[in-house]
1. Using Cα atoms only, what is the angle between the long axis of helix 48-59 and the major principal axis of the chain, expressed in degrees (0 to 90) to the nearest 10?
2. Angle check, please: helix 74-89 long axis (alpha carbons) against the longest principal axis of the chain (alpha carbons), in degrees 0 to 90, nearest 10.
3. Hand me the GluC sites (Glu not before Pro) from the range 30-108 located in a DSSP loop with no more than 13 other Cβ atoms within 10 Å, in residue order please.
4. Give the cross-link partners of Lys16 among the lysines, using a straight C-alpha distance below 17 Å as the criterion and excluding same-chain residues fewer than 8 apart.
5. Give the aspartates and glutamates reachable from Lys79 as a straight Cα distance under 18 Å; neighbours fewer than 8 places away on the same chain don't count.
6. When the Kirkwood radius is taken over all Cα pairs of the range 10-89, what Stokes-Einstein diffusion coefficient follows at 20 °C and 1.002 mPa s, in µm²/s?
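Readers should treat all values here as calculations from the given coordinates under stated rules, not as data from a laboratory. These figures come from a predicted structure and were not determined experimentally. Positions of Cβ are backbone-derived with ideal geometry, glycine not excepted, and every protein chain shown enters the neighbour counts.
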Amino acid sequence: MSIRMHKPWLGIAEAKGLLRGNLGVYQLADEHQQVLYIGFAGGKSLFGLKGEVGHALQRLPQACLVRWEVTSAYLTRYKELLMLHRHDFGELPDNNEPLPLGVLRPAG
């Protein structure tokens with residue numbers, strides 16, 4: 001089982017009709033599918049993923065693609081996605097705040 005997020009990217013307009021108030025994680029990307037931000041909707045998030053993605057889009061108007069996973073283990077998955085991004089690109093997405101993270105070395 002891969003830890004990479006393989007969900008398809010959706011345009012913002014399409015995603016707005018599909019997002020709900022679930023707990024989970026999400027990624028925002030530009031038109032080249034370069035991840036701009038990784039975020040999560042937790043227990044204190046108003047309107048869950050729908051609300052968190054909406055707030056993030058206000059801060060990042062250049063984002064035009066989104067994908068997400070619904071999970072109750074949102075903090076673990078959030079940190080996992082950040083560590084994976086740092087492993088792949090040597091740094092966190094530009095719009096994510098520095099955060100103490102472990103080191104992830106995915107297989108294959």
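1. On a 0 to 90 degree scale, this one is about 90.
2. 60
3. Numbers: sites: Glu31, Glu52, Glu69, Glu80, Glu91; in loops: Glu31, Glu91.
Qualifying residues, ordered by number: Glu31, Glu91.
4. Hits, sequence-local ones excluded: Lys7, Lys50.
5. Glu52, Glu69, Asp88, Glu91, Asp94, Glu97
6. Numbers: Rh = 12.5 Å.
The diffusion coefficient I find is 172 µm²/s.
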